[in-house]
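Have a look at the structure below, then the notes.
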């Protein structure tokens, strides 16, 4: 593609050299540059691409996009922009001929519920006979194939390439989890959405964002900046049970808006029956009442179901397809996923932040007749401020908490546990808890201690099939360890 065409949508501060030349491909990694490529120098968290401009030229870059000119200005075409991440997104969208214009694209942002909501929307679309691809935390899915997900939302070039691949394969719909990192780093700029959902917001990623205000501002960009650029008159869908999210519709008066909530909103609950075996409910919607049933458990999953229902309504999907899609989804990997036959109940959940852990425990407490035992820890090299709150919540809302190791990464697991314990010791009156640093042994202990009607909740890693210790990944799956522990328990009885 001609460079002049690629940069047409950019607000370039300066252009040096001819733009009348062909670009073979685009790259933002200097070591991947090949002859005829356009190199976009972006400033990463650890490395600055501007330091590798001359390396990219040596490897064959035909032109370069930069935020600032290098000291020794190379004798090739350069485009100077204010934000090279935004430029990469817009250039990539143009290079792959704007694939999002050729498909129905749904985005989901929020602190919790993105993954489950994406699975629900995917199931609803399939029930309606639609082809659908998914880009999310667990994996990327297209035409029955699954790919590992290095990040929840890919870098803009990789995202546009993936969307183009979906279009080429005849996939007419895509559902995308949109992370705060992706919004802050302009990865979804140039995407034309048909609908976007805001599930909720609570403290998370504060090791990356300065504070909650900055984090919330990043999330809002999907609705305040990206949606207005869509060519499709998109729908904005909000969970008005969330105290921060509920005010957002007022900021978007000119948009097409749907809201949902347990007691209020365009989609709301009229009647519900929740148990550890699943959920039944009657929803009020703009299209009439909708009776749903699902193996998914908990009030927060009812909220995710309403979000997916609102998307279905916005996209004119028939009510029967919405109902069948919800019923057909048997589980979401690592999201309140049941292991074993229910004696005791064993659930594996991704809850790795205070609010998510609290909601999970409160819900299980409400649905369980006997004791609730929880196994949890906190990841290393991540936001340390959530460790003490996690400890307090784990001990407060369970009958027995077992604090263990999560993904310690390069931190000392015992130091992480000590920081969790600070919160556990704040509970008044004091309550007993166990510390078992070995995660496998912690899971075995919890299941061994559980009675037949008790519930064991194993949180933090969910779908992950590895544990990160140091800078290495070791095979480890909470679900597999729980099954082994249940088998060992059965043999002793």
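No value in this document is a laboratory result; all are computed from the given coordinates. Everything quoted here is computed from the prediction, not taken from an experiment. Because the Cβ atoms are built from the backbone with ideal geometry, glycine has one as well, and the counts that use them run over all protein chains shown.
Place a point 7 Å from the Cα of residue 244 along the Cα-to-Cβ direction; which residues of region 348-370 have their backbone N under 20 Å from it?
351-360
Could you grab the relative contact order for the chain? Cα pairs under 8 Å, six or more apart, rounded to a whole percent.
10
Counting other beta carbons within 10 Å of each residue's own, what order do 245, 73 fall into, fewest first?
The order, fewest Cβ neighbours first, is 73, 245.
Taking the Cα atoms of the chain, what is the range of coordinates along each of the three principal axes, in descending order and whole Å?
Ordered largest first, the chain gives principal extents of 77, 55, 39 Å.
Between region 339-360 and region 206-277, what's the alpha-carbon centroid distance in Å?
25
Length gain on complete extension for the stretch residue 31 to residue 418, per 0.36 nm per residue less the alpha carbon to alpha carbon distance?
Full extension from residue 31 to residue 418 adds 135.2 nm.
Do you know the relative contact order of region 99-328, to the nearest whole percent, from alpha carbon pairs under 8 angstrom that are 6+ apart?
After rounding, I find 23 percent.
Let me check against my output: what whole-number percent is the relative contact order of region 331-432, with C-alpha pairs under 8 Å and at least 6 apart?
Relative contact order of region 331-432: 25 percent.
Report the gain in length on full extension from residue 229 to residue 8: 0.36 nm times residue separation, minus Cα-Cα distance, nm rounded to one decimal.
Working it through step by step, the gained length comes to 78.0 nm.
Please give the helix 212-221 orientation as an angle from the longest Cα principal axis of the chain, in degrees from 0 to 90, rounded to the nearest 10.
For helix 212-221, the angle is close to 60 degrees.
Just rank 191, 224, fewest to most, by other beta-carbon atoms within 10 angstrom.
Neighbour counts put them in this order, fewest first: 224, 191.
Under a point spin-label approximation (7 Å from Cα along Cα-to-Cβ), what is the residue 477-residue 369 distance to one decimal in nm?
Rounded to a tenth, the inter-label distance reads 3.2 nm.
What is the gain in length, in nm to one decimal, between residue 465 and residue 438 on full extension, counting 0.36 nm per residue of separation less the C-alpha to C-alpha distance?
8.1 nm
Set the Förster distance to 25 Å, then compute FRET efficiency between residue 75 and residue 22 from the Cβ-Cβ distance, nearest 0.05.
0.85
Ranking request for peptides 318-331, 399-412: highest mean number of other beta-carbon atoms within 10 Å first, then the rest in descending order.
Per-residue mean Cβ counts within 10 Å order the peptides as 399-412, 318-331.
Given the rule -39500 (n - 2.57) for each run of at least 4 DSSP H residues, summed and divided by the residues of the chain, what is its mean residue ellipticity at 222 nm, to the nearest 500 deg cm²/dmol?
Rounded to the nearest 500, the figure is -9500 deg cm²/dmol.
Working from Cα positions, state the angle (0 to 90°, nearest 10) between the long axis of helix 299-314 and the longest principal axis of the chain.
Orientation of helix 299-314: about 40 degrees from the principal axis.
If R0 is 22 Å, what FRET efficiency do you get for residue 131 and residue 181 from their C-beta distance, rounded to 0.05?
In this case the efficiency is close to 0.20.
Round to the nearest 10 and give me the degree value, 0 to 90, for the angle of helix 439-449's Cα axis relative to the longest principal axis of the chain.
Here the helix axis deviates by roughly 30 degrees.
Would you list 166, 212 from fewest to most Cβ contacts within 10 Å?
Listing 166, 212 from fewest to most nearby Cβ atoms yields 212, 166.
Roughly how many Å is it from the Cα centre of region 404-460 to that of region 48-118, as a whole number?
42
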